[in-house]
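First up is the structure itself, then whatever we jot down about it.
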Amino acid sequence: MAKKQESKKVLELLGMPTEQQSDICCYSLLALLNLSSSSSWSAATNEWTRIHDILAFLRKNYRGARYAENSRETFRKQAMHHFRTAAIIEDNAVATNSPNYRYRVTPEALSLFKVFGTGLWDAALAKFLAAHQTLRQIYASKKRVNKVEVMVDGVVHTLSTGAHNQLQKAVIEEFGPRFLHQFKCLYLGDTAKRDLIKDVEGLKNLGFTITVHDKMPDVVMYVPKENWVVFVECVTSVGPMSPARILELNQMTSKVTAGKVFITAFLDRPTYKKFSDQIAWETDVWVANEPSHMIHLNGNKFLGPHNSAT
């Protein structure tokens, strides 16, 4: 097996993500260990090394690895940062813009690499992994932390991160309980998975002929007591309940006989103001950071005195 392929195998076994098994990462590891194409892994060393030194080593020892000096930042971002996070290398703790800034393979990782290809490898690898999370585990954990969890009908669903999904979470967990009586979520679209929640039977029973469609609103809820279908668009950058959007939704749900309620949800009032002239009459607005109030564009439906003193 060629040295680059061996290096790739080592990185794979260490649990490095696919992106950190690239040619740059494979060659970087070999250079940090001072291993030429003909070297034995047992000959690995861990001298303090600059990225400039890595590039020079590769030009000298690997015919297919000639990288220009202006690729140093690429090596830093694609290999060094991730190797350090995975406890494979360490730096010498000087300022990053210093000409003396250097990396080396940690003594612990060096001991592991030196036995690659021998009968000692499996036990050494198991010991290393017992002491350190793999990079896949570290990055997966960060992704889970960044996910948006929303409780729907007693079940926790995970949305991808982002302001739009934070707003959808607020609609389900803040708006619904405040303004709808024992509602049921029939549809919830995630930015990554358009039909994250899809109650096909519930939609069908109400007369929906299209259960999943590019034109579905972000959230569809049903209120049995009122026999309302509530359509919510969660707006962070585009897509309020405009007259054209209302027409589109009415055409799409022409067989739905339940009362239809159209709501545009915003994270804050400044965002609402950006879209206020696009929102259709006979609809409602809810602002997440003022969750106890709504804005009604419903003419004389709510006309009358509101005197809290009487």
Subject >> Net charge contributed by nearby residues that have their C-beta within less than 14 Å of Thr271 (K/R +1, D/E -1) >> reply: -1
Subject >> Theoretical ellipticity at 222 nm over the chain - DSSP helices of four or more residues, -39500 (n - 2.57) apiece, nearest 500 >> reply: -9500 deg cm²/dmol
Original post:
Of Arg66, Arg245, Arg76, which has the most accessible area with a 1.4 Å probe, and how do the rest follow in descending order?
Top reply: Arg66, Arg76, Arg245
**OP:** Note the angle between two axes, namely the Cα long axis of helix 3-13 and the longest principal axis of the Cα atoms of the chain, as a number of degrees from 0 to 90, rounded to the nearest 10.
**Re:** 50 degrees
Original post:
Local charge sum around Val285 (other residues, Cβ-Cβ under 15 Å, Lys/Arg +1, Asp/Glu -1)?
Top reply: -2
Subject >> Stretchable slack from Ala258 to Arg63, in nm (0.36 nm times residue separation minus alpha-carbon distance) >> reply: 63.0 nm
Original post:
Under the classification rounded if a/c is under 1.5, otherwise prolate if a/b is larger than b/c and oblate if not, where does segment 1-150 fall, given a ≥ b ≥ c as square roots of the Cα gyration tensor eigenvalues?
Top reply: oblate
Subject >> Degrees separating the helix 121-131 axis from the principal Cα axis of the chain, which is the longest one >> reply: 50 degrees
**OP:** List, in the order given, every pair from Lys8/Lys127; Lys169/Lys273; Lys60/Lys127 whose Cα-Cα distance in the structure shown is over 24 Å.
**Re:** Lys60/Lys127
**OP:** With a probe of 1.4 Å, find how much accessible area segment 1-82 has per residue, and write the answer as a whole number in Å².
**Re:** 48 Å²
**OP:** May I ask you to derive the relative contact order of the chain, considering only C-alpha pairs under 8 Å and at least 6 residues apart, and to give it as an integer percent?
**Re:** 10 percent
Original post:
If one computes P(r) from the Cα atoms of the chain, what percent of pairs lie at distances over 28 Å?
Top reply: 56 percent
Subject >> segment 29-181 - percent of accessible surface contributed by carbon and sulfur, probe 1.4 Å >> reply: 51 percent
Subject >> Positive-end extreme of charge dipole, the chain - chosen from Gly299, Leu14, Tyr272 (charges on Cβ) >> reply: Leu14
**OP:** Could you state the angle between the C-alpha long axis of helix 23-32 and the longest principal axis of the C-alpha atoms of the chain, as a value from 0 to 90 degrees rounded to the nearest 10?
**Re:** 40 degrees
Original post:
What is the pair-distance distribution P(r) of segment 56-138, computed from all Cα-Cα distances in 10 Å bins starting at 0, with each bin given as a whole percent?
Top reply: 15, 37, 35, 13, 0
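The values are calculated or read from the model by the stated rules, or taken from the named source; none is laboratory data. Just so we're clear, the structure is a prediction, and the values are computed from it rather than from any experiment. Glycine gets a Cβ as well: all are built from the backbone with ideal geometry, and neighbour counts include every protein chain shown. These accessible areas exclude ligands, DNA and RNA; they are computed on the full protein's heavy atoms, side chains included. Shrake-Rupley method; radii C 1.70, N 1.55, O 1.52, S 1.80 Å.
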